[in-house]
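Written below as structure tokens is the structure these notes are about.
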Amino acid sequence: MMQALKGVRHVTSSTMKQTVSELSVAVPWGEIRGKVWGPDHGHPVLCLHGWADNCGTFNTLVPLLPKECRYVAMDLAGHGRSSHRPPGVLHAFPSYVMDVRRVVDALQWSKFSIIGHSMGDALYPEMVDAVVLLDTYGFLPTDQKEMVKVMRQGFEEMLLFEKSMEEKKRVYTYEKAVERLMSVNQSLSERSAKILLERGLLQVEGGVVFSRDFRVNLKNIARINLEQSLELHSRITASVLVVLAESGFEKIFAEDEQKKFASALLQAYRDKNHAVVTVPGDHHIHLNKPDIVAPVVSDFLQTKTSYSSSHVTLTLLLILSLYCTIYTGLTLVLKTHSAGRLSGLMNYLKPFKR
């Protein structure tokens, strides 16, 4: 099935558990690809993967979440099946936000929820009704004194990359590619690694190569400090759920200065009465063991989103409609039959008996 919508293309395929569509959104340098689950008019939920992953990171979690939602998981530029950015362009966090804005505009969403892993967060508070952060703080502050050093490192890495662009990508066997991914990302189970590689490999002569743009590995030069992070945090109007893994992001933020940043950000969430929970597992717990994460995320989506409000309203309207139907029926019966003849009334009530 093909469906056109402002440059959006859906190619539907059937899986054992549910129907999944492949998303394609045209962008100036190519396309942003992704996956779609759920009914066409379901509450929109945008799923954003973490650094160097792809939208396959949600393959095991989404089927366990509320079926009334419309989940769109996108491959950020240079990841998965999305086009690489043009030559000479660095990957930076603001660019990813622009990509999200392009996709949301193409989907014609005015209000939606976000599930973000590792890198994912929001910049347009008026468009977002709920945010789920999977083992991430939403912001990644950098010490003010380190800014210049980080920016210079990013520029130098980019220059070195451009000088080596003529070198061919390393070709792997499928088994060696799995080993390679797991060696650099030790929080992945073998099954999870293979899921990510469904969108992370390209078949070439002699084997496979990683589809990811190598530039995503270069130092990100667009940084903000803790004060700026907290200022952006203060502008969040959506409900937020932070799901931390016991052996996840907090262990990555192991240095004293990083722990200070993490503590300040988490306290900022708590101060605004946002939910912060910790679950057993590692950074990819949502992919490795989604049954641990799914209940808390499902409960949050069902109680904190605009979908939950409309769902409650619809339920109340149905109850009111049923009440009016019963009341009208009783009135007609009582008008038709005398007080001493209740048989008609009893016959009318039969369908409502349990």
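Okay, here's what the table says:
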| quantity | calculated |
| --- | --- |
| Segment 19-160, Rg to Rh (Cα coordinates; Rh as Kirkwood inverse mean 1/r) | 0.99 |
| Accessible solvent surface per residue of segment 95-161, calculated while the other protein chains remain in place, 1.4 angstrom probe, Å² | 45 Å² |
| Order by protection proxy (mean Cβ within 10 Å, highest first), peptides 37-48, 127-138 | 127-138, 37-48 |
| Among beta bridges that DSSP assigns inside segment 98-225, antiparallel share in %, nearest 5 | 45 percent |
| Residue-by-residue Karplus 3J(HN,Hα) for segment 273-286, coefficients 6.51, -1.76, 1.60, Hz, glycine and proline x | 6, 7, 8, 10, 10, 10, 10, x, x, 10, 4, 9, 4, 5 |
| Global geometry of segment 132-277, whether rounded, prolate or oblate, following the gyration tensor of its Cα atoms and the 1.5 cut on a/c | oblate |
| Overall form of segment 259-303 per C-alpha gyration tensor (a/c, 1.5; a/b vs b/c) | oblate |
| Added length on full extension, which subtracts the Cα-Cα distance from 0.36 nm per residue, LYS145 to SER110 | 8.7 nm |
| Accessible area of segment 236-286 belonging to carbon and sulfur atoms, whole % at 1.4 Å probe | 47 percent |
| Simple label model, 7 Å out from Cα along Cβ direction - THR19 to THR237, nm | 3.5 nm |
| Distance histogram for segment 60-120 (every C-alpha pair counted, 5 angstrom bins, percent rounded to whole numbers) | 4, 13, 24, 25, 18, 10, 4, 1, 0 |
| Overall form of segment 23-85 per C-alpha gyration tensor (a/c, 1.5; a/b vs b/c) | oblate |
| Length released on extending from SER183 to GLU156, taking residue separation times 0.36 nm less the Cα-Cα span | 7.1 nm |
| Per residue value of the accessible surface for segment 217-272 (all protein chains in place, 1.4 Å probe), Å² | 54 Å² |
| Highest-first arrangement of 269-281, 52-64, where packing means the average Cβ count within 10 Å | 52-64, 269-281 |
| Burial ranking of peptide ranges 172-182, 285-295 (average Cβ count within 10 Å, highest at the top) | 285-295, 172-182 |
| All Cα pairs of segment 149-207, percent lying beyond 16 Å | 59 percent |
| Cα pair count fraction exceeding 22 Å, expressed as % - segment 203-280 | 45 percent |
| Apportionment of accessible area to carbon and sulfur, segment 151-234, percent (1.4 Å) | 52 percent |
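The values are calculated or read from the model by the stated rules, or taken from the named source; none is laboratory data. Computed from a prediction, not measured in an experiment: that's the story for all the values here. As a convention, Cβ positions derive from the backbone with ideal geometry for all residues, glycine included, and neighbour counts pool all protein chains shown. We work out accessible area using only protein heavy atoms, side chains counted, and drop any ligands, DNA or RNA first. Shrake-Rupley method; radii C 1.70, N 1.55, O 1.52, S 1.80 Å.
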